[in-house]
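Input: a single structure, listed below in structure tokens.
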Amino acid sequence: MNLHIQLFAGLVDLFGTSVLHISLEQETVTIEQLKQRIADDYPHAAQQLVSCFFAKNQAYAGDADAVTEQDELALIPPVSGGQPELYEITHEEIDAGQVAKKVNHPNHGASLLFIGTTREMTHGQRTVLLEYEAYIPMAVKTMAAIGQEIGERWPGTLCAITHRLGKVAIAEASVVIAVSSPHRPDCYEASRYAIERLKQIVPIWKKEIWEDGSEWKGSQTGPWNPLLTPQSD
């Protein structure tokens, strides 16, 4: 059967079309199976599909609902008040569990949560506080770019990143990265890639405050050149 799925808003830019055409051998398919087929065919869109819903004959459909060639289908991106964003900047304490929920997927057998916290002792020097600052709009945009890179390198892998700004005390989280994937090797690799890439290109700076002074820090991964493309494995 041939399905014709209407797209709207940012999904048109993402897929490069306003109508997505999917050909299947079977005569019926569930919404969940259809989502997975689209994610397989368009791995760069897997991240965005998590927060989208299908409409069947102009009504929202659940994952277990079946569709046929006769149904009118549309893929609906989040509207105002929709699901939480995958990439966020906050001045509040980060709820790691909420970040992890953003990448939950029924077809993923592996998930990892990276939590970056304020360390007290570094090379014998005692840190009393970290303070973060960011170019917020660009920081969110570049975090989303990291998620897209991950989706292209490890198809089907999902990523969510929340970074905190302002003062972050000892042992408190400054960044939480959640990654999920069908298989654990991709999950491990994507998690490390996310934090290393974040340090490389996301415009966030931290001030290390010690007992006897302070210093602003930028990139921690060698000579800083955000225009360099990530190296292939």
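I'd like the residue in the stretch 135-179 that is charged (D, E, K, R) and not in a helix (DSSP H, G or I) and, out of all such residues, is farthest from the chain's Cα centre (by Cα). The extreme case among them is LYS167.
When VAL176, VAL140 are screened for being at pLDDT 95 or above, under 16 Å from HIS91 (Cβ atoms) and not charged (D, E, K, R), only VAL176 passes. In the stretch 120-165, the qualifying residues are those that are of a type in the set (Lys, Arg) and either in contact with a His (Cβ under 8 Å, 6 or more places away or on another chain) or free of Cβ contacts under 8 Å to residues at least 12 places away in the same chain (or both), and the one that is farthest from VAL176 (Cα to Cα) is LYS141. Quick check on the stretch 103-137: of everything there that is farther than 23 Å from ALA64 by Cα and open to solvent by less than 50 Å² (accessible area, probe 1.4 Å), which residue is modelled with the lowest pLDDT? Per the stated criteria, the residue is THR122.
Residues considered: ASP41, ASP65, ASP71. Of these, the only one that is in contact with a strand residue (DSSP E or B) (Cβ under 7 Å, 6 or more places away or on another chain), of a type in the set (D, E, K, R) and under 20 Å from PRO106 (Cα atoms) is ASP65.
Right, SER191: under 22 Å from the mean Cα position of the chain (by Cα), open to solvent by less than 20 Å² (accessible area, probe 1.4 Å), of a type in the set (S, T, N, Q) and more than 24 Å from PRO155 (Cα to Cα) or not? Steps first, please.
Values: under 22 Å from the mean Cα position of the chain (by Cα): yes; open to solvent by less than 20 Å² (accessible area, probe 1.4 Å): yes; of a type in the set (S, T, N, Q): yes; more than 24 Å from PRO155 (Cα to Cα): no.
Judged against the criteria, SER191 is not a match.
The values are calculated or read from the model by the stated rules, or taken from the named source; none is laboratory data. Since this is a predicted model, take the numbers as computed values, not measurements. Using ideal geometry, Cβ is built from the backbone for each residue, glycine included, and neighbour counts are taken over all protein chains shown. For accessibility, only protein heavy atoms count, side chains too; no ligands or nucleic acids. Shrake-Rupley method; radii C 1.70, N 1.55, O 1.52, S 1.80 Å.
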